[in-house]
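This report concerns only the one structure given below.
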Amino acid sequence: MDLIGVDELASMIGVSTSTVRWWKQTGKGPRSAKFGKYVKYQRKDVEAWIESLFEAQPESNAVDYQLNPLGRRRAADVAHD
């Protein structure tokens, strides 16, 4: 069994550890277990959770963000094949 901690999960997907903790608290992150004061994730659960995020949004609903001249993000209408 391959277990990873909050720090490794955050590093793996490029978010802060506080974001990972928030996902756990709100039930939005991958399945986890507590060992004393430590939260651990099974790598296979993390991979399944990441895959489910890609499956949850069909390409036809994908949003392409571009920066406008003032540096603000806006959604751009993009034709998908």
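Throughout, read-outs are computed from the coordinates displayed, never taken from laboratory work. Predicted model, so just to flag it, every value in this text is computed and none were measured. Neighbour counts run over all protein chains shown; Cβ positions are idealised from the backbone, glycine included.
Remark: the stretch 41-50, residue by residue, has Karplus-estimated 3J(HN,Hα) of 10, 7, 3, 5, 5, 4, 5, 5, 5, 4 Hz, where x stands for each Gly or Pro and the curve is 6.51 cos²θ - 1.76 cosθ + 1.60 at θ = phi - 60°. Amide H to amide H distances under 5 Å link VAL39 with VAL6, where only residues 5 or more positions off or on other chains count and H is placed in the peptide plane. Fewest neighbouring Cβ atoms within 10 Å first, the residues GLU55, GLU8, GLU47 line up as GLU55, GLU47, GLU8.
Put a dot 7 Å past the Cα of LEU3, heading toward its Cβ, do the same for LYS28, and the two dots end up 2.6 nm apart.
As a proxy for reagent exposure, TRP22, TRP49 were ordered by neighbouring Cβ count within 10 angstrom, fewest first; the result is TRP22, TRP49.
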